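Here is the structure we will look at.
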Amino acid sequence: MTAKGNFEIDLKPAQDEQNPAGRMLINKVYSGDLQGKGSGQMLSKRTESGASAYSAIEEFQGNIGGKTGGFTLVHNGYMTPSEQKLEIIVLSGSGTGELAGITGTMDIIQTNGGHHYVLSYELPRT
């Protein structure tokens, strides 16, 4: 199954001045086929040459297709001046409520200053 829509994101820097990586607090509001909120933390590093990397753990709570619950999204991305890669997976075993057993992957698309998602997922048959 596929869920599509938009999200608004609020990133707040955490105060970790002694560490070589940046840490951000994530708060999202999802609309479209996903209705709910995401919250988590992101670690990131940017080099002087323009390469960067980030990892994040995000907890989603809300509903998909009339089913209510939550799950964990695991983000891993990197970018160089010539390429970029982003992988976001639903952490196996993290689904709760009616979303127990959910598996899948998410793509994030940024266009015209907006954030859009495509979640490809499966739920166990009941």
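Taken together, the values in this text are just the output of simple stated rules run on the coordinates, not laboratory data. Predicted model only: the values in this text are computed from it and were never measured. Reconstructed Cβ throughout: ideal geometry from the backbone, glycine too, with neighbour counts over all protein chains shown.
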**Complete:** Dividing the surface of the Cα convex hull of segment 84-126 by four yields a projected area in nm² of 3.9 nm²
**Item:** Dimensions in Å of the chain - Rg and Dmax from alpha carbons
**Value:** 15.3, 52
**Asked** Toward the positive end of the charge dipole of the chain, about the Cα centre and with charges on Cβ (Lys, Arg +1; Asp, Glu -1), which of G66, S120, S49 goes farthest?
**Response** G66
**Request:** Count neighbours as other Cβ atoms within 10 Å of each site's Cβ, and list the GluC sites (Glu not before Pro) in segment 62-109 that are DSSP loop with at most 12 such neighbours.
**Result:** E83
**Prompt:** How large is ³J(HN,Hα), in whole Hz, for each residue of segment 43-50 in order, when computed from phi with the Karplus curve 6.51 cos²θ - 1.76 cosθ + 1.60 and θ = phi - 60°, using x for Gly and Pro?
**Reply:** 10, 9, 9, 10, 9, 5, 7, x
**Asked** Dipole of the chain, Cα-centred, from +1 at each Lys and Arg C-beta and -1 at each Asp and Glu C-beta, to the nearest 20 debye?
**Response** 120 debye
**Prompt:** Per the Debye formula with a single identical scatterer at each Cα and no solvent contribution, what log10 I(q)/I(0) holds for segment 32-86 at q = 0.21, 0.25, 0.31 Å⁻¹?
**Reply:** -0.78, -0.90, -1.12
**Straight-distance crosslink candidates among lysines, where the alpha carbon sits under 23 Å from K67 and sequence neighbours closer than 8 are dropped** = K4, K28, K37
